[in-house]
Amino acid sequence: MTTRGDRTVYLDNQATTRVDPRVLEEMLPALGGVYGNPASRSHRLGWEADALVETARERVADLIGAQPGEILFTSGATESDNLAIKGALPFLRERGCHVITVATEHRAVLDPCRQLQDEGLLELTTLGVDEQGMVSVDELRAALRDDTVLVSVMQANNEIGVVQPIAELVAATHEKGALFHCDAAQSVGRMAVDVARLGADMVSVSAHKLYGPKGVGALYLRRSGRRVRLQAQVLGGGHERGLRSGTLNVPGIVGLGMACRLAGEEWQDEAQRVLGLRQRLASRLFAGLDQVQLNGHPEHRLPGNLNLSFACVEGESLMMGLPDVAVSSGSACSSASMEPSYVLRALGRSSEQAHSSIRFGVGRFNDESDIDFAADRVIAEVERLRKLSPLYRREEREVASG
Ligand SMILES: Cc1ncc(COP(=O)(O)O)c(C=O)c1O
């Protein structure tokens with residue numbers, strides 16, 4: 001068996017990614033000598049910082065096929081999602097207040113929608129998904145109403161990696177005259193994201209999902225054709241065209257820009273390589289263990305995402321037994337109790353199946369030896385836990401006795 005000493009094999013790239021050393025290097029001047037405030041118009045240090053911010057804006061725009069003037073910097077995808085949803089509605093109120101989203105969205109979309117619904121400021125329809133996690137375009141069409149003003153659907157899911165048919169969903173939404181917001185935190189930098197091809201009006205981006213720093217992101221806001229108007233949610237100095245006040249996080253923004261530049265140059269080769277590693281992991285686990293189930297669509301998914309349920313094994317116990325492999329389980333620690341993942345529940349998985357799932361997220365810095373090490377460790381640990389499981393032993397006896 002491959003050993004890793006005291007190193008942890010990191011396979012949690014949907015939670016966050018390691019900052020690429022090239023990103024870090026690009027950020028260093030903005031943490032040192034270039035310390036001006038980009039809003040300072042009266043001296044060289046301010047102009048230098050502003051130039052770094054504008055270069056980053058161009059790089060983000062280039063990656064997603066937008067214009068620099070369509071990119072707003074934020075503190076991450078959570079803020080971008082909140083700003084898109086809460087900010088767009090006041091300007092749409094004349095038309096209506098019906099909003100459509102999907103049961104498997106990130107909390108950064110679901111929670112603001114629910115809060116506005118509780119306050120009586122919107123009427124919410126939450127679409128379900130099929131057993132592979134896909135949203136149906138026909139179901140969206142059926143849910144759209146004359147007073148629907150906004151539809152919010154993520155491009156790639158953070159737990160099961162499922163990639164939705166965004167361009168088709170946008171087309172259906174636009175036929176009814178509503179706006180479309182897409183949370184692309186998981187997809188930007190990992191697959192093709194072109195705002196012109198997708199047609200979405202607002203797109204959320206997060207730097208730390210594409211090998212950039214945490215605490216910085218962007219919101220794409222369409223300015224061509226039908227312009228999207230937003231009400232600022234953070235008021236103050238009027239930064240970012242008055243839509244998001246607050247002194248800009250220059251090092252973070254520089255990091256986001258560099259992460260986008262590298263992704264633009266490398267994502268296609270990287271996606272192929274990461275897909276190969278994910279397939280290697282899947283083949284090893286399916287060959288080495290019985291009663292393993294894939295969660296999410298087999299093809300329409302992020303290259304690096306593998307979400308599996310291991311029957312008769314608690315995901316939490318499995319993770320505890322794998323201190324040298326960083327993965328995450330299908331349980332979310334909300335309040336004192338461990339709730340089964342609402343995403344897996346939306347696919348029709350039982351609470352037991354959801355509790356027995358593990359999300360593997362392969363990324364840029366993984367190699368074959370990581371995959372082989374993780375596969376060996378998971379197989380050994382699942383076998384150990386199943387030996388302790390009366391349920392699994394009973395099932396084994398039943399299979400043996402025919
Ligand atoms: C799909 C999705 N949306 C939003 C977020 C929140 O992003 P951030 O951490 O940048 O606020 C995440 C990250 O957890 C995510 O995966």
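What about residue 26, is it open to solvent by 70 Å² or more (accessible area, probe 1.4 Å), assigned to a helix (DSSP H, G or I) and under 28 Å from residue 204 (Cβ atoms)?
Details: open to solvent by 70 Å² or more (accessible area, probe 1.4 Å): no; assigned to a helix (DSSP H, G or I): yes; under 28 Å from residue 204 (Cβ atoms): yes.
The answer is no for residue 26.
Restrict the check to region 372-394 and report whether at least one residue is part of a loop (DSSP other than H, G, I, E, B) and open to solvent by 70 Å² or more (accessible area, probe 1.4 Å). Outline the logic, then answer.
We begin by selecting, within region 372-394, every residue part of a loop (DSSP other than H, G, I, E, B); these are 388-389.
Retained after the next criterion (residues that are open to solvent by 70 Å² or more (accessible area, probe 1.4 Å)): 388.
Checked against the condition, which is being part of a loop (DSSP other than H, G, I, E, B) and open to solvent by 70 Å² or more (accessible area, probe 1.4 Å), region 372-394 yields at least one hit.
For region 200-220, indicate whether the set of residues that are surrounded by fewer than 19 Cβ atoms within 10 Å (Cβ to Cβ), out of contact with any His (no Cβ under 6 Å at 6 or more places or on another chain), assigned by TED's automatic domain parsing to the domain that holds residue 46 and on the phi > 0 side of the Ramachandran plot is non-empty.
Here is the first cut: in region 200-220, the ones surrounded by fewer than 19 Cβ atoms within 10 Å (Cβ to Cβ) are 214-215.
Next, only the ones that are out of contact with any His (no Cβ under 6 Å at 6 or more places or on another chain) stay: 215.
Keeping just the survivors that are assigned by TED's automatic domain parsing to the domain that holds residue 46 gives 215.
Narrowing further to those that are on the phi > 0 side of the Ramachandran plot: 215.
Within region 200-220 (the criterion being surrounded by fewer than 19 Cβ atoms within 10 Å (Cβ to Cβ), out of contact with any His (no Cβ under 6 Å at 6 or more places or on another chain), assigned by TED's automatic domain parsing to the domain that holds residue 46 and on the phi > 0 side of the Ramachandran plot), the answer is yes, since at least one residue qualifies.
Among the candidates 216, 193, 149, single out the residue that is within 11 Å of the ligand (Cβ to nearest atom), among the aliphatic types (A, V, I, L, M) and out of contact with any strand residue (DSSP E or B) (no Cβ under 6 Å at 6 or more places or on another chain). Don't jump to the end; show me each part of the working.
Working: 193 fails: within 11 Å of the ligand (Cβ to nearest atom); 149 fails: within 11 Å of the ligand (Cβ to nearest atom).
So the residue among 216, 193, 149 that is within 11 Å of the ligand (Cβ to nearest atom), among the aliphatic types (A, V, I, L, M) and out of contact with any strand residue (DSSP E or B) (no Cβ under 6 Å at 6 or more places or on another chain) is 216.
Considering region 91-102 alone, what residues qualify as being open to solvent by less than 40 Å² (accessible area, probe 1.4 Å) and over 23 Å from the mean Cα position of the chain (by Cα)?
At the first step, the residues of region 91-102 found to be open to solvent by less than 40 Å² (accessible area, probe 1.4 Å) are 92, 96, 98-102.
Within region 91-102, 92, 96, 98 qualify.
Which condition breaks for residue 182 when tested against (1) touching a Leu at 6+ places or on another chain (Cβ under 9 Å); (2) in a helix (DSSP H, G or I)?
Every listed condition holds for residue 182 apart from (2).
What are the pairs, 6+ residues apart or on separate chains, where a residue within region 306-325 that is polar (S, T, N, Q) has its Cβ under 6 Å from a residue that is in a strand (DSSP E or B) and open to solvent by 10 Å² or more (accessible area, probe 1.4 Å)?
Qualifying pairs under 6 Å: 307/359; 309/293.
Working only within region 73-114, note down all residues that are among the small types (Gly, Ala, Ser) and more than 12 Å from the ligand (Cβ to nearest atom).
Quick first cut of region 73-114, residues among the small types (Gly, Ala, Ser) only: 75-77, 80, 84, 87-88, 96, 103, 108.
Passing the criteria: 87, 88, 96, 103.
Exactly one condition in (1) polar (S, T, N, Q); (2) more than 10 Å from the ligand (Cβ to nearest atom); (3) assigned to a loop (DSSP other than H, G, I, E, B) is not met by residue 173; state its number.
Only one criterion is unmet by residue 173, namely (3).
Sort out for me the helices (runs of 4 or more DSSP H) sitting completely within region 248-348 that have 3 or more residues that are closer than 30 Å to residue 71 by Cβ and at pLDDT 95 or above. I'd like the intermediate steps shown before the answer.
Values: elements: 250-288, 315-320, 342-346.
In region 248-348, the matching helices (runs of 4 or more DSSP H) lie at 250-288.
Would you be able to say whether some residue in region 231-241 is of a type in the set (Gly, Ala, Ser) and closer than 18 Å to residue 58 by Cα? Steps first, please.
To start, the set of residues in region 231-241 that are of a type in the set (Gly, Ala, Ser) comprises 232, 236-238.
In the following step, the residues that additionally are closer than 18 Å to residue 58 by Cα were identified as none.
Within region 231-241, none of the residues are of a type in the set (Gly, Ala, Ser) and closer than 18 Å to residue 58 by Cα.
The values are calculated or read from the model by the stated rules, or taken from the named source; none is laboratory data. These numbers were taken from a predicted model, which means no experiment stands behind them. In this analysis, Cβ positions are derived from the backbone assuming ideal geometry, glycine residues included, and neighbour counts consider all displayed protein chains. Heavy atoms of the whole protein, side chains included, go into the accessibility calculation; ligands, DNA and RNA do not. Shrake-Rupley method; radii C 1.70, N 1.55, O 1.52, S 1.80 Å.
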